[in-house]
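Engineer: Encoded as structure tokens, here's the structure I'll be asking about.
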Amino acid sequence: MPGKVITLNSLVIVVIAMAVVTYIPRMLPMTMLDKVPLSPNVKRFLEFIPYAVLASLIFPGILTSVEPLSSAIAGAAAALILAYLRLNLILVVLGSIVVVFVTGIFPA
């Protein structure tokens, strides 16, 4: 609504409400499912969730980070290869940056 002024009290109430709504879905499984035994397969599945979430957050950024898509794909491939070789994280990042830079200068 144009001309409506938001007071500090209403802003604080909204922030507290958002915090409660965010906290409840995190707290309920911890308190209610704490005593439920999980099978080894479920435990193993749950261990992979952080990696899957991280990959789903990073992958779109890789494809849109640089203008030639081939350069972005080459950098991602270099990072995957260097990580597979179990190099230091700094070397993986620097190696993929060099590959993106070189393929950006000399496009295919």
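Derivation of every value follows stated rules applied to the coordinates shown; laboratory data play no part. Just so it is clear, the structure is predicted and the values come from calculations on it, not from any experiment. Virtual Cβ from ideal backbone geometry, glycine too; neighbours counted across all protein chains shown.
Engineer: With the condition being loosely packed, with under 12 Cβ neighbours inside 10 Å and within 18 Å of the chain's Cα centre (by Cα), I'd like the helices (runs of 4 or more DSSP H) fully within the range 1-103 carrying at least 3 qualifying residues.
Structural biologist: Correct list: 40-65.
Engineer: Here's something else I'd like to know. How many residues does the range 75-94 hold that are of a type in the set (Val, Ile, Thr) and touching a helix residue (DSSP H, G or I) at 6+ places or on another chain (Cβ under 7 Å)?
Structural biologist: Total meeting the criteria: 1.
Engineer: What are the residue pairs meeting all of these: first residue in the range 53-71, first residue small (Gly, Ala, Ser), second residue surrounded by 12 or more Cβ atoms within 10 Å (Cβ to Cβ), Cβ atoms under 7 Å, and 6 or more apart or on different chains?
Structural biologist: Partner pairs satisfying both residue conditions: SER65/ALA72; SER70/THR103; SER71/VAL100; SER71/THR103; SER71/GLY104.
Engineer: Determine whether the range 19-35 contains at least one residue that is under 30 Å from PRO107 (Cβ atoms) and out of contact with any Leu (no Cβ under 9 Å at 6 or more places or on another chain).
Structural biologist: no
Engineer: How many residues does the range 95-108 contain that are closer than 19 Å to PHE59 by Cβ and either among the aliphatic types (A, V, I, L, M) or out of contact with any helix residue (DSSP H, G or I) (no Cβ under 7 Å at 6 or more places or on another chain) (or both)?
Structural biologist: Residues meeting the conditions: 3.
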